[in-house]
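Since the structure comes first, as structure tokens, the remarks are kept for the end.
Just so you know, all these numbers are worked out from the coordinates, no wet-lab data involved. Every value quoted in this text rests on a predicted model; they were computed, and no experiment measured them. Here the Cβ positions follow ideal geometry from the backbone for every residue, glycine too, while neighbour counts run over all protein chains shown.
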Amino acid sequence: MARRIDDVREEQLEQIEEIEKACFSLPWTIEQLKSQLKDSQHEFIASLDDEGRVLGYVGMMYVLDEGYISNVAVDPEARRQGIGRDLIKELMARAAALDLAFVTLEVRCSNAAAIALYEKQGFLPVGKRKNYYDFPREDAILMTHFLK
């Protein structure tokens, strides 16, 4: 199956909302997702199959030289195919082109697969956020990829 990565378009938000519901206990709404569309402070990219179906996505807000990843998700039926890895690689290439000093994110302490993915892409654990997540209540590991 051929895949490509492209900027998220508004007409793809319903597909992304469905992936949100499948992946997160408190999924973002269409309006929240819409606020992440590419502009002068956001990168929002998706992996698409050859029919244009969204397989996964990642969003980042940036201010000055700091990047903050909002959500990373891959459709549960499309996992273990390198989609998350490819999305993170593309996002980090865009972060470098934007001359960001670092990109940071939070991840559930129990999400070993995501932690391993981020570590393989150069993210380092730099702290913890106590009780950051709800449903279930859980700490977050703060991970940062330093570009400079």
Any residue in the stretch 13-27 that's touching a residue at least 12 places away in the same chain (Cβ under 8 Å): show its pairings with residues that are assigned to a loop (DSSP other than H, G, I, E, B) and among the polar types (S, T, N, Q) at Cβ separation under 8 Å, as long as the two are six or more apart or on different chains.
-> 17/29
Just checking, how many residues over the stretch 18-40 are among the polar types (S, T, N, Q), within 20 Å of residue 92 (Cα to Cα), within 15 Å of the chain's Cα centre (by Cα) and surrounded by fewer than 16 Cβ atoms within 10 Å (Cβ to Cβ)?
-> 0
Applying the selection to the stretch 17-35, what residues are assigned to a loop (DSSP other than H, G, I, E, B) and touching an Asp or Glu at 6+ places or on another chain (Cβ under 9 Å)?
-> 25, 26, 27, 28, 29
Any residue in the stretch 41-52 that is at negative phi, surrounded by 13 or more Cβ atoms within 10 Å (Cβ to Cβ) and charged (D, E, K, R)?
-> yes
Residue hits (the stretch 120-143; out of contact with any Leu (no Cβ under 6 Å at 6 or more places or on another chain), surrounded by 18 or more Cβ atoms within 10 Å (Cβ to Cβ) and in a strand (DSSP E or B)) are 133, 140, 141
In the list 51, 77, 43, which residue meets the criterion of being among the acidic types (Asp, Glu) and either under 24 Å from residue 132 (Cβ atoms) or assigned to a strand (DSSP E or B) (or both)?
-> 43
Kindly establish whether residue 117 is in contact (Cβ under 8 Å) with a residue 40 or more places away in the chain, surrounded by 15 or more Cβ atoms within 10 Å (Cβ to Cβ), under 28 Å from residue 40 (Cα atoms) and in contact with a Gly (Cβ under 9 Å, 6 or more places away or on another chain).
-> no
Qualifying residue in the stretch 58-78 (condition: closer than 20 Å to residue 16 by Cβ, over 14 Å from the mean Cα position of the chain (by Cα) and surrounded by 14 or more Cβ atoms within 10 Å (Cβ to Cβ)) | yes
